[in-house]
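A.B. asks: One structure, as structure tokens, below. Some questions next.
The values are calculated or read from the model by the stated rules, or taken from the named source; none is laboratory data. What you see is a predicted model, and the numbers here were worked out from it, not measured in a lab. Because the Cβ atoms are built from the backbone with ideal geometry, glycine has one as well, and the counts that use them run over all protein chains shown.
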Amino acid sequence: MAYLNAHYLKLKAGYLFPEIARRVKAFAEAHPEAASRIIRCGIGDVTEPLPPACIEALHRAVDEMARRETFRGYGPEQGYEFLRSAIAQHDFRNRGLEVADDEVFVSDGSKCDCGNILDILGHQNTIAIPDPVYPVYVDTNVMAGHTGPADDSGAYAGLRYLPCTPDNYFVPEPPREPVDVVYLCSPNNPTGAVATRAQLQAWVDYALRHQSLILFDAAYEAYIADPALPHSIYEIPGARECAIEFRSFSKNGGFTGVRCAYTVVPKTLLAMDDHGQRRPLHPLWNRRMATKFNGVSYIVQRAAEALYTPEGQAQVRQLIDHYMGNARILREALQACGLTVYGGQNAPYLWVKTPPGWSSWQAFDAILEKINVVVTPGSGFGAQGEGYFRLSSFNSRANAEEAARRFATMKW
Ligand SMILES: *Cc1c(COP(=O)(O)O)cnc(C)c1O
């Protein structure tokens, strides 16, 4: 008899985005005249086309694949040297941070990396997760059997939830007791909060003290405008001894549909084996990639490399400026209608407090019905998200401006 992985049965049904889709559909059917006016500000996907430097690199790489002399089959599982070295040089060494080319592992996405990393970690770890949170961190731990069942609020037994509230500027604080593994995401999805150097230093100090591992998701690093804010966990002294960093080309180069990301595993990072001996994680991740992955396609890695050329860098800057221009327009409109708005200054997401007495879903329904704009209810990201909604700046300028005009007319 074949048994299934019963941990999957503990997963709460994907509730948030299907429920949003259901309510939008019901509204559009009840109000056909308003259906074409609906503006989606809920999506976490980019809207603008790929930078021209990537398109040119893709065309060149396709032509190489068309000729016997330049055709490529399987590449290195860890990524081509040209891309690993461009990443390590531009994202780290040019900023004074020590990362070797072979500490960079190229992959098909940060979502996958965040889940796959559990392959090389033990099952006895206590795991801390921010609340609200990017749901992938939670669900992959449920699938791996690291939790008990969920309670009525959707919280899983065995996970240590770290509340993110206005009191801590939506950046979780190290708990009093030790945890073995902690997920941090900065700039944050969904709150748009960015950890300061001091906040990250507190986490690194905590991790070194307790021999914990920090899983640092920096997918939105390119959106940081304030020069005082850290882009990488490795800007913090000691991080090479306690942190893995995830980066993605999805939100800077617009690669959500192209698929390319990378993970940094320093060779100086150790974790405990079953005999109480500390050993490096780097060889385990290397082995995991070599066994379960066959690399990102050559043409996509050439496209990612093109993001680091001077033209590519300027084009990425334009994309970020576009989305952050939308963020400013939306932020000012929401503030003008009296709402308290967080984020949106070093991140593409705005985290908006609902008016007093309104739940996240009540705000969602009112905004949909009155001004035909779709937002994301904060409660879908965790218990602490109740009383907030998320607004995404991934949109055309025309849509952002129109949504802003409509918010100005909104009466709560
Ligand atoms: C979009 C996003 C990523 C990137 O995921 P990919 O699989 O690389 O597209 C990672 N983390 C967070 C929090 C995100 O929102």
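A.B. asks: Quick check on my filter: what residues within region 391-400 are surrounded by 16 or more Cβ atoms within 10 Å (Cβ to Cβ), out of contact with any strand residue (DSSP E or B) (no Cβ under 6 Å at 6 or more places or on another chain) and not hydroxyl-bearing (S, T, Y)?
C.D. replies: F394, N395, A400
A.B. asks: Assess whether Y234 counts as being assigned to a loop (DSSP other than H, G, I, E, B) and among the hydroxyl-bearing types (S, T, Y). Before the answer, list the steps.
C.D. replies: Values: assigned to a loop (DSSP other than H, G, I, E, B): no; among the hydroxyl-bearing types (S, T, Y): yes.
It is false that Y234 is assigned to a loop (DSSP other than H, G, I, E, B) and among the hydroxyl-bearing types (S, T, Y).
A.B. asks: Check P149 against each of (1) closer than 30 Å to V300 by Cβ; (2) touching a strand residue (DSSP E or B) at 6+ places or on another chain (Cβ under 8 Å) and name the one condition it does not meet.
C.D. replies: With (1) closer than 30 Å to V300 by Cβ; (2) touching a strand residue (DSSP E or B) at 6+ places or on another chain (Cβ under 8 Å) applied to P149, the lone miss is (1).
A.B. asks: Is it fair to say V179 is in a loop (DSSP other than H, G, I, E, B) and either surrounded by fewer than 20 Cβ atoms within 10 Å (Cβ to Cβ) or more than 16 Å from the ligand (Cβ to nearest atom) (or both)?
C.D. replies: Working: in a loop (DSSP other than H, G, I, E, B): yes; either surrounded by fewer than 20 Cβ atoms within 10 Å (Cβ to Cβ) or more than 16 Å from the ligand (Cβ to nearest atom) (or both): yes.
It is true that V179 is in a loop (DSSP other than H, G, I, E, B) and either surrounded by fewer than 20 Cβ atoms within 10 Å (Cβ to Cβ) or more than 16 Å from the ligand (Cβ to nearest atom) (or both).
A.B. asks: Still on this model: So which of D131, D102 is touching a helix residue (DSSP H, G or I) at 6+ places or on another chain (Cβ under 8 Å), acidic (D, E), away from the ligand (no atom under 12 Å from the Cβ) and closer than 16 Å to L281 by Cβ? Give the derivation first.
C.D. replies: Values: D131 fails: closer than 16 Å to L281 by Cβ.
The unique qualifying residue is D102.
A.B. asks: Can we say I120 is within 24 Å of P280 (Cα to Cα), touching a residue at least 24 places away in the same chain (Cβ under 8 Å) and within 13 Å of the ligand (Cβ to nearest atom)? Break it down into steps so the answer makes sense when it comes.
C.D. replies: Working: within 24 Å of P280 (Cα to Cα): yes; touching a residue at least 24 places away in the same chain (Cβ under 8 Å): yes; within 13 Å of the ligand (Cβ to nearest atom): no.
Considered against the rule, which asks whether it is within 24 Å of P280 (Cα to Cα), touching a residue at least 24 places away in the same chain (Cβ under 8 Å) and within 13 Å of the ligand (Cβ to nearest atom), I120 comes out as no.
A.B. asks: Quick check on F255: is it part of a loop (DSSP other than H, G, I, E, B), of a type in the set (A, V, I, L, M, F, W, C) and under 14 Å from S107 (Cα atoms)? Show your work before the answer.
C.D. replies: Working: part of a loop (DSSP other than H, G, I, E, B): yes; of a type in the set (A, V, I, L, M, F, W, C): yes; under 14 Å from S107 (Cα atoms): yes.
The answer is yes for F255.
A.B. asks: Follow-up question, since we're still on this one. Can you pull out the residues in region 258-293 that are of a type in the set (G, A, S) and more than 19 Å from K111 (Cα to Cα)? Walk me through it before giving the result.
C.D. replies: Pass one, region 258-293, residues of a type in the set (G, A, S): 261, 271, 276, 290.
Of everything in region 258-293, those that are of a type in the set (G, A, S) and more than 19 Å from K111 (Cα to Cα) turn out to be A271, G276.
A.B. asks: Closer than 27 Å to P130 by Cα, assigned by TED's automatic domain parsing to the domain that holds C185 and either out of contact with any Leu (no Cβ under 9 Å at 6 or more places or on another chain) or away from the ligand (no atom under 16 Å from the Cβ) (or both): does that describe G238? Can you show your working first?
C.D. replies: On the way: closer than 27 Å to P130 by Cα: yes; assigned by TED's automatic domain parsing to the domain that holds C185: yes; either out of contact with any Leu (no Cβ under 9 Å at 6 or more places or on another chain) or away from the ligand (no atom under 16 Å from the Cβ) (or both): yes.
Here the answer is yes, as G238 does meet what is asked.
A.B. asks: Moving on to the next point. Which condition number in (1) in a helix (DSSP H, G or I); (2) assigned by TED's automatic domain parsing to the domain that holds N372 is the one that S85 fails?
C.D. replies: If we test S85 against (1) in a helix (DSSP H, G or I); (2) assigned by TED's automatic domain parsing to the domain that holds N372, just (2) comes out false.
A.B. asks: So, one more: For residues that are in contact with a strand residue (DSSP E or B) (Cβ under 6 Å, 6 or more places away or on another chain) and touching a residue at least 40 places away in the same chain (Cβ under 8 Å), scanning just region 194-223, find the one that is farthest from the ligand (Cβ to nearest atom).
C.D. replies: That would be L213.
A.B. asks: To continue, here is another question. Please go through (1) outside any loop (DSSP other than H, G, I, E, B); (2) of a type outside the set (G, A, S); (3) more than 10 Å from the ligand (Cβ to nearest atom) for F246 and return the number of the only condition it doesn't satisfy.
C.D. replies: (3)
A.B. asks: Of the residues that sit in region 135-174 and are free of Cβ contacts under 8 Å to residues at least 12 places away in the same chain and within 30 Å of V341 (Cβ to Cβ), which one is surrounded by the most Cβ atoms within 10 Å (Cβ to Cβ)?
C.D. replies: Taking region 135-174 first, the residues free of Cβ contacts under 8 Å to residues at least 12 places away in the same chain are 151-152, 157, 167-168.
Of the ones still in play, those that are also within 30 Å of V341 (Cβ to Cβ) are 167-168.
On the way: D167: 8, N168: 13.
Going through the qualifying residues, I end up with N168.
A.B. asks: Another question, if that's okay. Quick one: how many residues across region 86-100 are free of Cβ contacts under 8 Å to residues at least 60 places away in the same chain and buried (at least 18 other Cβ atoms within 10 Å of the Cβ)?
C.D. replies: Within region 86-100, residues that are free of Cβ contacts under 8 Å to residues at least 60 places away in the same chain and buried (at least 18 other Cβ atoms within 10 Å of the Cβ) number 1.
A.B. asks: Scan (1) free of Cβ contacts under 8 Å to residues at least 24 places away in the same chain; (2) crowded, with 23+ Cβ neighbours inside 10 Å; (3) among the small types (G, A, S) for the single condition A239 breaks and write down its number.
C.D. replies: Failing condition for A239: (1).
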